[in-house]
Amino acid sequence: MQNQNPNMEPQPLLPKSWSIHTRAEIIAKYEILERVGSGAYSDVYKGRRLSDNLIVALKEVHDYQSAFREIEALQILQNSPNVVLLHEYFWREDEDAVLVLEFLRTDLASLISEAKKEGGISVGEIKRWMVQILCGVDACHRNMIVHRDLKPGNLLIGEDGVLKLADFGQARILLEHDFVGPDDNHQPYEPDAPYPENIDQAAQVGDDMENESQERCGNQEQGIMNREDYFRALDELKAKHTVDETDKETNVHDGDTSCLATCTGSDIEDDFLKGSYSYDAEDAGDGGQGALTSCVGTRWFRPPELLYGSTSYGLEVDLWSLGCIFAELLTLQPLFPGTSDIDQLAKIFNVLGNLTEEVWPDCAKLPDYKTISFNKVENPIGLQSCLPSRSTDEISLVRKLVCYDPAGRANAMELLEDKYFNEEPLPVPTSGLHVPLTKSGQDEDSPRGWYDDMGSDSDFDEFGPVDVTRTKTGFSIRFY
């Protein structure tokens, strides 16, 4: 699943008293074949469902908050064709949660890595990958779910060419709201139709999709339930646990990600349950949304508002990440490959120019905007220079996402209606997509990621003079 490491030989299954291997309710239904990935917060196993020989991924999550968030988000999104399917889950008090997910053999990171060696990706294929990503993000955002860790390694691909969003361990549900059913979700998923004509075909998905999903998920005792039973069970589970109110940097896979750029002493946020479906509107004191943490996501795809310590962001953080992903699909190179949080900001400014109140009036309200400052970038190179040999429409698409003012970023549905996807060459059919045989390259979940260098031990590495000035409220840092 999303934590696979192809360079690692299948590891021997060493039973542990607390592990997946000795839990009777799991081994009665699944044969665990091999461990395919391991990280700080989860272990992922390839398994076989005994009832029908279906290959699945079993994700054993060691962090309570991460497990809760992933289950809650995937339950809400269970009918979304471009979101990974949760078959069922196992979770008892004093034991790690085990999520049974569909097994998808590769991801967009591997696709990009392979394309570097083979001469690129055709425009028609790029458009189809983009459309599928937008469909998945649109499903999340229509349900007020912010993913917070969109990156190529979390976009999984099946052998049929269908791309699905995965790894919702950092996701937050921003507001309490009614479920958006399949008929209202506007999932434009007749896979091989051009856009935007087939957007309104979502009504045809309806009951068939819902029945198929319920059939696949089953009605296990600890599996998929109806809405009322599900949230009642989650409320009972919350009551049984003493919750650490720190929003851990759950599943932040750049390993040594630093929050130094935010100059905060901790990444504590309000009770994380305030970010859940059941608690937001009732308990939050700021219009229905509790405080969020800025230390989420993988650095290269993290928007400026997070790098400056924002705790009141919304769905727009995913849109910046989308722009970075699209740019990488077009060039096969990361758009902003920062080696630290400070270097990340510097790379963004070098392309877009300094973040000022002229380009985003509210930027001065960011917690660390007046604490961290940079010399003026006199001649920013612009997005066009980062996307050489790409069309005006392609550059425009990225520009609609990679902009400083979050309110100025185009949402997923607006982008699906963009003329780019309805002009020649049209998006190829999913059956015509080239899909790598497996994940390739360095494991993205290793400390340095599948990229060459995802982070550094210090945010001050590779910098020259740094001017630190005391102020009435603390200190200010200027980088030269």
Worksheet item: At each listed q (0.24 Å⁻¹), what is the log10 of I(q)/I(0) that the Debye formula gives for segment 380-421 modelled as equal alpha-carbon point scatterers?
Response: -0.87
Discussion item. Just to confirm my numbers, what's the Cα centroid distance between segment 82-108 and segment 319-334 in Å?
Written reply: 27
Item to complete: Compute the distance in nm between two label points, each set 7 Å from the Cα along the Cα-to-Cβ direction, one at S431 and one at S396.
Response: 3.3
Discussion item. How large is the accessible surface of K376 in square angstrom, using a 1.4 angstrom probe and rounding to the nearest 10?
Written reply: 140
Fill in: Exposure rank, largest accessible area first [M413, M144; 1.4 Å]
M144, M413
Worksheet item: At a probe radius of 1.4 Å, what is the per-residue accessible area of K46, in Å² to the nearest 10?
Response: 60
Worksheet item: Among residues other than E316 whose Cβ falls under 11 Å from its Cβ, what is the net charge (Lys/Arg +1, Asp/Glu -1)?
Response: -2
Discussion item. Using only the alpha-carbon atoms, what does segment 344-392 span along each of its principal axes? Please give whole angstrom values in decreasing order.
Written reply: 38, 19, 18
Item to complete: Could you please put E93, E60 in sequence from largest to smallest accessible area, using a 1.4 Å probe?
Response: E93, E60
Worksheet item: How far apart, in nm, are two points set 7 Å out from the Cα along the Cα-to-Cβ line at E424 and at N53?
Response: 4.6
Worksheet item: When the dipole is taken about the Cα centre of segment 67-115, and only Lys, Arg (+1) and Asp, Glu (-1) are charged at their Cβ, what size is it in debye, to the nearest 20?
Response: 240
Worksheet item: Which value, in Å² and to the nearest 10, is the accessible area of R142 when all protein chains are kept and the probe is 1.4 Å?
Response: 80
Worksheet item: If the viscosity is 1.002 mPa s and the temperature 20 °C, what translational diffusion coefficient in µm²/s does Stokes-Einstein give for segment 349-434 when Rh comes from Kirkwood over Cα pairs?
Response: 138
Worksheet, complete the sentence: With all protein chains present and a 1.4 Å probe, the order of D149, D362 from largest accessible area down is D362, D149
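The values are calculated or read from the model by the stated rules, or taken from the named source; none is laboratory data. Keep in mind the model is a prediction, meaning the values are calculated, not measured. Glycine gets a Cβ as well: all are built from the backbone with ideal geometry, and neighbour counts include every protein chain shown. Quick note on the areas: whole protein, heavy atoms, side chains included, nothing else; ligands and nucleic acids left out. Shrake-Rupley method; radii C 1.70, N 1.55, O 1.52, S 1.80 Å.
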